[in-house]
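Shown next, in structure tokens, is the structure this report addresses.
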Amino acid sequence: MLSSARRFFIRRRYLGWTSAAGVCLLLICIIYVLSTGSWEAPKLRAVANGKYADLKKSRYENRNRHKQGPGEYGAGVFLQGEEKKNADELAKKEAFNIIASDGIALDRSLPDVRNPACKSVEYPKDLPTASVVIIFHNEAWTPLLRTAHSVVNRSPPQYLHEVILLDDASYRDRLGEELDKYVQDTWPDGVVKVVRVKERAGLIRARIAGAKAATGDVLIFLDSHCEANEGWLEPLLARIGENSSRVLVPGIDAIDSETLEYSKNGGIAVGGFTWSLHFTWSPFVPTKWELDQGFGKEWQPLRSPTMPGGLFAADRKYFFDVGAYDPGMDVWGGENLEISFRVWMCGGSLEFIPCSRVGHIFRSSHPYTFPGNKDTHGINSMRLAEVWMDEYKRLFYMHRRDLLKQDMGDISERKALRERLKCKSFSWYLENVYPEKFIIDEKVLAYGMVRNPGSNLCLDTMGKDEKTRFDIGLFHCQNGASANEVFSLSQKNELRREEACLDSVGAEGSKVSLNPCHGHKGNQEWRHHKDSGVIVHVPSGKCLDVSGLKSGDSVQLKKCNGGNDQKWTIEHYLDI
Ligand code: UD2
Ligand code: MN
């Protein structure tokens, strides 16, 4: 038996050694943590005591920790040689650089691109909670998981109710059991869930399924190749917390499809649409009322006529009350304009929230199939035109005559929804929400085919992309069968298309180009005299002329001579 004094001595000595070893161990740990940047201890502790509060907190608090590696701080990754060749080959299928993406950490750091004014906004503490719904079909592994990591890491844990990865019947390797396992291992607190639909639903029905599975106060939808940035969540939740009929779109930054570089989208633009029912960006022109209300500065909410579609937040109850989505829409397209028109017409509002920033990889094509090879954008748009656009659907069909033969399915339930919600008319929407929208055949002097009767040649865009500059062509008149030949003579004396105007420097014999309309007359001012038939370019005094030209050539500008080659008729005259 040891005397108590000796026992005491041994214990002291023993304790001395163990604490020294402990200190060493701790130092080694700290050096390890600092050198690798990994911080696993809170996770282990959290799992051990069965609670996850520490895990959530540490994920959020460590979101901006300094790391080194490709793509950190949102930088681009530039491949070379063999690797670049492989990446280019794979990009044909994926429509983005998968090799660059695979080389970047799933929880990479990003530059905080918010306007400085956003950083000092104080949001209420009792915000509603969010269910983030990320739908995907055969998405590549790293963009999908980077989306989930960015959401979990950059959302204050008390507001993030859940992240739902809604698998729209993917069959790509890794997206089955391996994904389930990854999710369980990475987020043992269950904040991320995988929900699967049995059959390919298409993105519209997939979002409905995701929304039905969600239980948080606010739904936030994201595409499966996004990165949520610093402070993205609070501005969305705060504004919906104030008024649940607001549908909100974060500022969408670009993640380059080639290098994965994250860059801020700096412009102040809102959503518009074309009459062929494609989404467009349109410059934000605040009215005095809007400026007085605090709209129209870079960090303040902007009221927008439409949304691009993929990234938005809505109160969960409101989303269903206002009709969720049209479940008759297939695969891709049209749902973004449908929900935009519907929300405005049925008493809600749509806003862009520039203080909330989320990046999205814009891909030039779709890395998935369209079952049945259908033009789903066209048919979905037809459903929306029939239900929501009243007599303005004529302008859609003007561009999409081909669809008149197509079967769009049953729309009676959507019409009943519009009745039930007592929604306003589409002309109310145009007048009140989107007054700057150019209506081809209203409030214009004339519209339709611009024909030279002698040659039966018509002005024609030749199907070229009207976002680019090109010379206006001449083509056999199609007698109303081609949208390429529909022009308007506006009240500002522009000879124009929806967004682009005939423009000329006025040189003798020069061609005439189609440029974005600037609304300031100048080189875009034309006068048409119905009786003499001339179309005069006002600044140069020259006339549109077809002499010596044939179908397929570009129209020219020549000294006015009163000849038949300079006579034109416009199909419909309204007020001339
Ligand atoms: C844009 C929208 C997109 C959607 C679409 C119009 C943005 C940034 N993106 O096209 O969200 O509104 O316009 O319909 O505004 N997906 C499925 N099942 C399918 C097909 C797609 O789950 O059958 C998923 C896909 O994995 C992705 C999302 O739907 O997460 C959107 O598809 P996309 O990224 O190909 O569409 P995008 O960005 O070209
Ligand atoms: Mn997308």
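The values are calculated or read from the model by the stated rules, or taken from the named source; none is laboratory data. Note that this is a predicted model, so its numbers are computed, not measured. Note that we place each Cβ from the backbone using ideal geometry, even for glycine, and neighbour counts take in every protein chain shown. Note: accessible area is taken over every heavy atom of the protein model, side chains too, but ligands, DNA and RNA are not part of it. Shrake-Rupley method; radii C 1.70, N 1.55, O 1.52, S 1.80 Å.
Quick notes on this structure:
- Check on S257, at pLDDT 95 or above, open to solvent by 20 Å² or more (accessible area, probe 1.4 Å) and not assigned by TED's automatic domain parsing to the domain that holds R414: yes
- Inspection of segment 346-353 identifies no residue that is free of Cβ contacts under 8 Å to residues at least 12 places away in the same chain and over 25 Å from A254 (Cβ atoms).
- Taken together, G267, G202 contain a single residue that is more than 12 Å from ligand 1 (Cβ to nearest atom), of a type outside the set (A, V, I, L, M, F, W, C) and assigned by TED's automatic domain parsing to the domain that holds D168, which is G267.
- Unmet requirement for V285, which otherwise passes all of (1) touching a residue at least 40 places away in the same chain (Cβ under 8 Å); (2) surrounded by 15 or more Cβ atoms within 10 Å (Cβ to Cβ); (3) assigned to a loop (DSSP other than H, G, I, E, B): (2)
- The set of residues from segment 445-465 being more than 18 Å from G548 (Cα to Cα) and open to solvent by 60 Å² or more (accessible area, probe 1.4 Å) comprises M462, K464, D465.
- Filtered residue count, segment 64-89, keeping only those that are under 27 Å from P156 (Cα atoms) and in contact with a Gly (Cβ under 9 Å, 6 or more places away or on another chain): 8
- Top-ranked residue in segment 59-101 [being in contact (Cβ under 8 Å) with a residue 12 or more places away in the chain and at positive phi; ranked as nearest to the chain's Cα centre (by Cα)]: A95
- Residues located in segment 349-375, provided they are of a type in the set (A, V, I, L, M) and in a loop (DSSP other than H, G, I, E, B): none
- Selected residue (criterion: nearest to C501 (Cα to Cα)) from residues of segment 534-576 that are small (G, A, S) and in contact (Cβ under 8 Å) with a residue 60 or more places away in the chain: S554
- Residue check for S245: farther than 24 Å from E61 by Cα and within 15 Å of ligand 1 (Cβ to nearest atom): no
- Selection status of W299, touching a Pro at 6+ places or on another chain (Cβ under 7 Å) and assigned to a loop (DSSP other than H, G, I, E, B): yes
- None of T142, T129, T186 is touching a residue at least 60 places away in the same chain (Cβ under 8 Å) and either more than 16 Å from ligand 2 (Cβ to nearest atom) or open to solvent by less than 20 Å² (accessible area, probe 1.4 Å) (or both) except T129.
- Candidate set: segment 386-398, residues that are of a type outside the set (S, T, Y) and open to solvent by 20 Å² or more (accessible area, probe 1.4 Å); chosen: the one farthest from ligand 2 (Cβ to nearest atom): E391
- Qualifying position, being open to solvent by less than 10 Å² (accessible area, probe 1.4 Å) and of a type in the set (K, R), among R342, R383, R363: R342
- Checking G216 against (1) away from ligand 1 (no atom under 16 Å from the Cβ); (2) in a helix (DSSP H, G or I); (3) small (G, A, S), the condition it does not meet: (2)
- The single condition from (1) over 34 Å from the mean Cα position of the chain (by Cα); (2) more than 24 Å from F396 (Cβ to Cβ) that D471 fails is (1).
- Being in contact (Cβ under 8 Å) with a residue 12 or more places away in the chain, open to solvent by less than 10 Å² (accessible area, probe 1.4 Å) and assigned by TED's automatic domain parsing to the domain that holds L127 is a property that does not hold for Y318.
- E351 satisfies every condition listed in (1) touching a Gly at 6+ places or on another chain (Cβ under 9 Å); (2) more than 16 Å from ligand 2 (Cβ to nearest atom); (3) within 18 Å of G271 (Cβ to Cβ) except (1).
- Hits in segment 205-259 (condition: more than 16 Å from ligand 2 (Cβ to nearest atom) and among the basic types (K, R)): R205, K212, R239, R246
- Screening L237 with (1) open to solvent by less than 40 Å² (accessible area, probe 1.4 Å); (2) within 16 Å of ligand 1 (Cβ to nearest atom) gives one miss only, at (2).
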